[in-house]
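The values are calculated or read from the model by the stated rules, or taken from the named source; none is laboratory data. Nothing here was measured: the structure is a model prediction, and the numbers come from that model. No Cβ is skipped: glycine too gets one built from the backbone with ideal geometry, and neighbour counts run over all protein chains shown.
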């Protein structure tokens, strides 16, 4: 399984991840691990363990499409927001570790460019001039 990274995490996310690492005795590597502390052997095994938890959290938060929240859909969202904020597909390809733009284009969804300031604020970034990234 290829390693995936978190692109431009918010300060609160970094704080949480550091506390998880400290609780795990300073272990470096995958954040989501099996109960025995070992990394999951495949993306499928990771999803099978984590996705039900994500769905339950989304349901508790009142997300109307809670049953669709998965690690995979969160990756789509992150790629879309990154493109929305930067307007640079090459940057999305690099940050999300894809081999080519074609892969990234399958992940990135159309989002109103007017949402860029709200996305920047949510991520704890300095809002930039909104830009239209599609046609």
- Does the range 59-69 contain at least one residue that is in contact with a helix residue (DSSP H, G or I) (Cβ under 7 Å, 6 or more places away or on another chain), surrounded by fewer than 16 Cβ atoms within 10 Å (Cβ to Cβ) and closer than 26 Å to residue 29 by Cα? no
- Which ones in the range 104-118 are more than 10 Å from residue 80 (Cα to Cα) and part of a helix (DSSP H, G or I)? 106, 113, 114, 115, 116, 117, 118
- Task: Enumerate the helices (runs of 4 or more DSSP H) found wholly within the range 1-92, keeping only those where 2 or more residues are under 16 Å from the mean Cα position of the chain (by Cα), modelled with pLDDT under 80 and more than 19 Å from residue 120 (Cα to Cα).
- Result: 11-23
